[in-house]
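Before any comments, here is the structure.
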Amino acid sequence: MTLVIDFGTINTVGMVDGRLVTVDGAPWLPSVVHSGVVGGDASHLGRGREIRDLKARLTPAAVGAVFERMLSAARSQGGDVREVVVTHPAGWAPERIAVLTRAAGTDQVRTLAEPVAVAAGVPAGETALVVDAGGGTWDVAVVRNGVIGAAASALVDVDQRIVERVRPSLRAPVTDDAGRAELLDSARTGKELLSRHDIAEIVLPDHRAVRLTRAELETLIAPDVNRLMAMVSEVTAEVTVTRVLLVGGASRIPLLPLRLSTAVGRRVIPDPEPETAVARGADLLARRPPTAL
């Protein structure tokens, strides 16, 4: 069988034959490593000393540990993994992609650009704008017939923006690893709540809470959203887009589809399962003849 691995900044998603690979009971694996332990357990055991920015660092041992955990889970749920398809950002250099292929642990490995995977269901002849608002970067690309035209990317850390927003409310600087990790996790939870509600509370390490409104969050990320809209204008300047695909965890923030709809002149609806969109598309392509990749 073929295992698809979408190595993400926050989570890594695996899929086999249209089924998500569950790891420790969850539909994805946190991209976190600590002392050989991978996933959510690494976060609990590390208490702030775990390595989280694996996709940016791209340390072979850490990437290999994440992939091996996903491979192990896939084998326990589906049998013999004979081939691995690994996704990667559109603009990655060959040497960065090579780290992923070596981490796959098999000679039977193929790679696939993330926007091409997202656009897997787009009919031939149509031109898709793929906007992937992930946990570490916001990426845009134009895809037609499985080929990427223009593409652009920007580093974005919404969680850290929330941390900076509540930092003045701290009674003392947070200097320990566990405290910093706790504050970052609270910011991430607040961001997710504000995708569904108008108000959220960011719990500080001393257990006090700071209220944050959706309007305040939108003000915090306005520079990032403006940059995203500029990238959209840049990559679509010379093409006519027939459909827009909005994916990535941050696509749940209501401001993104609203601003994107205005920018492209049509209503944009985020993918209902944005965290798994890349893996689902890659799995769809993996089950087509090899020439489809």
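Of all the helices (runs of 4 or more DSSP H) wholly in region 186-286, which have at least 1 residues that are on the phi > 0 side of the Ramachandran plot?
Details: elements: 214-220, 222-235, 255-264, 277-286.
Passing ranges: none, list empty.
Anything in region 155-185 that is open to solvent by 40 Å² or more (accessible area, probe 1.4 Å), under 21 Å from ARG227 (Cβ atoms) and part of a helix (DSSP H, G or I)? List them, or say none.
GLN160, ARG161, GLU164, ARG165, listed by residue number.
I need the full set of residues from region 133-145 which are open to solvent by less than 50 Å² (accessible area, probe 1.4 Å), over 22 Å from ASP185 (Cα atoms) and either of a type outside the set (Asp, Glu) or touching a Phe, Trp or Tyr at 6+ places or on another chain (Cβ under 9 Å) (or both), in order please. Break it down into steps so the answer makes sense when it comes.
Filtering region 133-145 for residues open to solvent by less than 50 Å² (accessible area, probe 1.4 Å) gives 133-143.
Of the ones still in play, those that are also over 22 Å from ASP185 (Cα atoms) are 139-143.
Residues satisfying the conditions are VAL140, ALA141, VAL142, VAL143.
Does any residue of region 110-129 turn out to be loosely packed, with under 15 Cβ neighbours inside 10 Å, closer than 26 Å to LEU255 by Cα and in contact (Cβ under 8 Å) with a residue 24 or more places away in the chain?
Yes, some residue in region 110-129 is loosely packed, with under 15 Cβ neighbours inside 10 Å, closer than 26 Å to LEU255 by Cα and in contact (Cβ under 8 Å) with a residue 24 or more places away in the chain.
Test each condition in (1) open to solvent by less than 20 Å² (accessible area, probe 1.4 Å); (2) under 17 Å from ALA279 (Cβ atoms); (3) within 17 Å of the chain's Cα centre (by Cα); (4) not hydroxyl-bearing (Ser, Thr, Tyr) for LEU71 and report the one that comes out false.
So LEU71 meets the others, but not (3).
Every residue in region 90-109 that is open to solvent by less than 30 Å² (accessible area, probe 1.4 Å) and touching a residue at least 60 places away in the same chain (Cβ under 8 Å), please.
LEU100, ALA104
Output the number of residues of region 194-216 satisfying the condition of being within 26 Å of ARG52 (Cα to Cα), crowded, with 16+ Cβ neighbours inside 10 Å and within 23 Å of the chain's Cα centre (by Cα). Spell out how you get there, then give the answer.
Taking region 194-216 first, the residues within 26 Å of ARG52 (Cα to Cα) are 194-196, 200-210, 212.
Applying the additional criterion that residues be crowded, with 16+ Cβ neighbours inside 10 Å yields 194-195, 200, 202-205, 210, 212.
If we keep only those that are within 23 Å of the chain's Cα centre (by Cα) too, we end up with 194-195, 200, 202.
Here the count works out to 4.
I'm told LYS191 meets every condition in (1) among the basic types (Lys, Arg); (2) without any contact (Cβ under 8 Å) to a residue 40 or more places away in the chain; (3) buried (at least 16 other Cβ atoms within 10 Å of the Cβ) except one. Can you identify the failing condition by its number?
LYS191 satisfies every listed condition except (2).
Evaluate region 254-265: report whether one residue or more is within 15 Å of the chain's Cα centre (by Cα) and touching a residue at least 12 places away in the same chain (Cβ under 8 Å).
So far as region 254-265 goes, no, none of its residues is within 15 Å of the chain's Cα centre (by Cα) and touching a residue at least 12 places away in the same chain (Cβ under 8 Å).
Residue check: is THR87 touching a helix residue (DSSP H, G or I) at 6+ places or on another chain (Cβ under 9 Å), open to solvent by less than 10 Å² (accessible area, probe 1.4 Å) and β-branched (Val, Ile, Thr)?
Taking the combined requirement at face value, the residue satisfies it.
So is THR219 open to solvent by less than 70 Å² (accessible area, probe 1.4 Å) and either modelled with pLDDT under 95 or of a type in the set (Val, Ile, Thr) (or both) or not?
Here the answer is no, as THR219 does not meet what is asked.
Among the residues that make up region 29-40, is at least one of them touching a residue at least 40 places away in the same chain (Cβ under 8 Å) and not aliphatic (A, V, I, L, M)? Steps first, answer last, please.
Within region 29-40, the first condition is being touching a residue at least 40 places away in the same chain (Cβ under 8 Å), and the residues that meet it are 29.
If we keep only those that are not aliphatic (A, V, I, L, M) as well, we get none.
No; the residues of region 29-40 include none that is touching a residue at least 40 places away in the same chain (Cβ under 8 Å) and not aliphatic (A, V, I, L, M).
Please work out if ALA141 is modelled with pLDDT of 95 or more, within 20 Å of ALA277 (Cα to Cα), among the aliphatic types (A, V, I, L, M) and under 23 Å from the mean Cα position of the chain (by Cα).
Yes; evaluated as a whole, the condition is true for this residue.
Within region 7-22, count every residue that is more than 17 Å from ARG52 (Cβ to Cβ) and buried (at least 24 other Cβ atoms within 10 Å of the Cβ).
3
The values are calculated or read from the model by the stated rules, or taken from the named source; none is laboratory data. Not measured: the values here are computed from a predicted model. Positions of Cβ are backbone-derived with ideal geometry, glycine not excepted, and every protein chain shown enters the neighbour counts. Note: areas computed on protein heavy atoms with side chains; ligands, DNA, RNA excluded. Shrake-Rupley method; radii C 1.70, N 1.55, O 1.52, S 1.80 Å.
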